[in-house]
Amino acid sequence: MKTNLSSSNRLSAAGLILLVAGQLMPQMDFSIVNVALDAISVSLDANKTQLGLIVSLYGLSFAVSLAMSGRLGDRFGRKKLFLTGIASFAVTSFICGLAPSIYLLIAARVLQGIAAAMLMPQILATIHVTLSGERHSKAIGIYGSVGGLSFIIGQILGGWLVSADLFGLGWRSVFYINLPICAFILYFGQKWIPETKEESSLSLDWSGTLLLGTVVTLILVSISAGPDLGWSWIIWVLLISSLPLALLLWNIEGKKEHKQQSPLMPPTLLTRPKVILGCVSLTLQVASYGGYMFVVALTLQSGFHLSSFASGNAFIGLGISYFVASLYVGRIAKWFTNLGFTAVIIVGSVINLAGYVLLFSQINQHAETLTSWTLLVPMLIIGVGNAFAVNSSLRIGLADIPAQFAGIGSAFMTTLQQTAIALGTALCAAFYIQNLNDNDVFHLHSLKAGLEVIAFFISTLLIIHGISAIGKIKAVRRQQAELNTQNH
């Protein structure tokens, strides 16, 4: 459901460029820092635990803050929140780059995650309420392509910046690189990004925010720390305790919605069939993608001892094919008149499974001579498969979100993606570590175990949409039979 669009609040091509430029930075900063961790360790005398906090606390503060940021954008204006988030991201990036100690860097990363959460939900929400038809479809394709590409760009750019040591800045340049991008967006954003917000005044749901933040924190901390702590009883207590809190959140939000008190997460929104299907699909696909990036990068660096820069280069083909394929998802869905994006997900899942088989075969066959470019063909294939499945899942989920819930709906789907990445990475890490042995110098057994987890995610996604496709085909046949009966 969309609001009526006027020329004054319709998103232009220039505005879309500014939005996706803003989208690029927070997601890129997940991976760009990974490449700089060794240099940060030496410069700030940081231990492995502290290095882990640089990454994990950014992701945690980002995920926990998304829902309230979406609601704030709906209430006070999405453009206003987006530009405020960009300015905050610039300031916190500058502080990260200046940080004289590991403790200040960790604190700045927490604030940077909050700034990232402030701007991210506004992007998809603005696209959703200012565009329609073919332009909306193309914009969602670009949004999805940049989302997948940003992780690859982060790895490649981070490796280059640290290696180049520009102006003697070393690792600090991975944070300073955000400043000119933020300045560009702030300068042109006032003119080219339309302001949108809900006409009705939405109240802020602080109790819902606190409960949702607690649930997300428990889940992310549990699945992120689980592999390192051997999935001890403490981890399981934290994980299981999130379930009653989630049920409590659902109950409280349901009562608020019944009383028309503007809950943070309206339960009726999350019970719509298309939203459920889109969210489940997105979770499975993004979990597989996050796990894949982890196990392959770890194998290349720890098993084959490629440098971070060389390991990042191995993903260039994936990034290119992901970006290009994302632009054509909407057009391809039209080929399947009755099945639409469900068919695209099925095709993408089959492509993914074929790509994973070819990838393992290539690594196994060329173990002694492996380079960054040995995996180019399977990476290209996997990029296409992931682009089809991720973008189609997003479109299915967004299709049934009303305009008044655009911000919170976008925030919820982004939160799902962050949680799914952590889930996929943690599960693949657990199976990867369990299969390490001294005789497997290239970690091929561990890689195979991780890929089997990924294949499970993809196969589940394939089964779900296979069943959905059968249901749609039967429904179409029933309609045709009824029409034929009426005509006779």
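What follows is calculated from the coordinates using simple rules that are stated; it is not laboratory data. Quantities reported herein were computed from a predicted structural model and do not represent experimental measurements. Cβ sites come from the backbone with ideal geometry, for glycine too, and all protein chains shown count toward neighbours.
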Next item on the list: In whole Hz, with x marking every Gly and Pro, tabulate ³J(HN,Hα) for the range 372-385 from phi via Karplus 6.51 cos²θ - 1.76 cosθ + 1.60, θ = phi - 60°.
Entry: 4, 9, 4, 9, 4, 5, x, 5, 4, 5, 5, x, 5, x
Notebook entry, point to check: To the nearest Å, what is the center-to-center distance of the range 354-389 and the range 55-72, using C-alpha atoms only?
Noted result: 33 Å
Notebook entry, point to check: What is the extension gain from residue 337 to residue 183, computed as 0.36 nm multiplied by their sequence separation minus the C-alpha to C-alpha distance, in nm to one decimal?
Noted result: 51.0 nm
Next item on the list: Take the alpha-carbon centre of the range 408-431, take the same for the range 230-299, and report the distance between them in whole Å.
Entry: 9 Å
Item checked: Stokes-Einstein D for the range 49-122, Kirkwood Rh over Cα pairs, 20 °C, 1.002 mPa s (µm²/s) -> 175 µm²/s
Checklist line | Cα-centre dipole for the range 98-242 with unit charges at Cβ (Lys and Arg positive, Asp and Glu negative), debye to 20 | finding: 260 debye
Notebook entry, point to check: Taking the alpha-carbon set of the chain, what are its Rg and Dmax in Å?
Noted result: 22.4, 83
Checklist line | Residue (of 179, 206, 239) at the positive-pole extreme of the chain, dipole from beta-carbon charges | finding: 206
Checklist line | the range 206-261: mean projected area of Cα convex hull, nm² | finding: 3.6 nm²
Check: Where does the chain land at 222 nm, in deg cm²/dmol rounded to the nearest 500, when only DSSP H runs of n ≥ 4 count, each adding -39500 (n - 2.57), divided by all residues?
Finding: -27500 deg cm²/dmol
Check: Rounded, prolate or oblate: which one fits the range 218-314, using the alpha carbon gyration tensor with axes a ≥ b ≥ c (rounded when a/c is under 1.5, else prolate when a/b beats b/c, else oblate)?
Finding: oblate
Item checked: Estimated vicinal HN-Hα couplings, Hz - the range 111-123 in sequence order (Karplus 6.51, -1.76, 1.60; Gly, Pro = x) -> 5, 5, x, 5, 4, 4, 5, 5, 8, 4, x, 5, 5
Check: When only DSSP loop residues count, what trypsin sites (Lys or Arg not before Pro) in the range 192-298 have their Cβ near at most 13 other Cβ atoms within 10 Å?
Finding: 259
Checklist line | Ordering of 36-44, 278-286, 433-441, 262-270 by packing [mean C-beta count within 10 Å, highest first] | finding: 278-286, 262-270, 36-44, 433-441
Next item on the list: Would you mind checking the radius of gyration and Dmax of the range 10-198 based on alpha-carbon positions, in Å?
Entry: 16.6, 53
Notebook entry, point to check: Suppose every K and R has +1 on its Cβ and every D and E has -1 on its Cβ; what is the size of the dipole of the range 10-198 about the Cα centre, in Debye to the nearest 20?
Noted result: 600 debye
Next item on the list: Take the eigenvalues of the Cα gyration tensor for the range 266-488, scale each by 5, and report the square roots as semi-axes in whole Å, largest first.
Entry: 36, 19, 15
Notebook entry, point to check: Which chymotrypsin sites (Phe, Trp or Tyr not before Pro) from the range 345-444 combine a DSSP loop assignment with at most 13 other Cβ atoms within 10 Å?
Noted result: 373
Notebook entry, point to check: Which value, in debye to the nearest 20, gives the size of the charge dipole of the chain about its Cα centre, when Lys and Arg are +1 and Asp and Glu are -1 at the Cβ?
Noted result: 1640 debye
Next item on the list: Along each of the three principal axes of the Cα atoms of the range 110-207, give the extent in whole Å, ordering the values from largest to smallest.
Entry: 52, 37, 29
Margin query: Looking at the chain, identify the longest residue range that excludes and avoids all GluC sites (Glu not before Pro) in DSSP loops having at most 11 other Cβ atoms within 10 Å.
Written below: 1-198
Check: Say the dipole of the range 266-488 comes from +1 at the beta carbon of Lys and Arg and -1 at that of Asp and Glu; which of 302, 465, 363 then lies farthest toward its positive end?
Finding: 465
Note to self: At a 10 Å Cβ-Cβ cut-off, how would you order 103, 328, 58, 322, fewest neighbours first?
What the structure shows: 103, 328, 58, 322
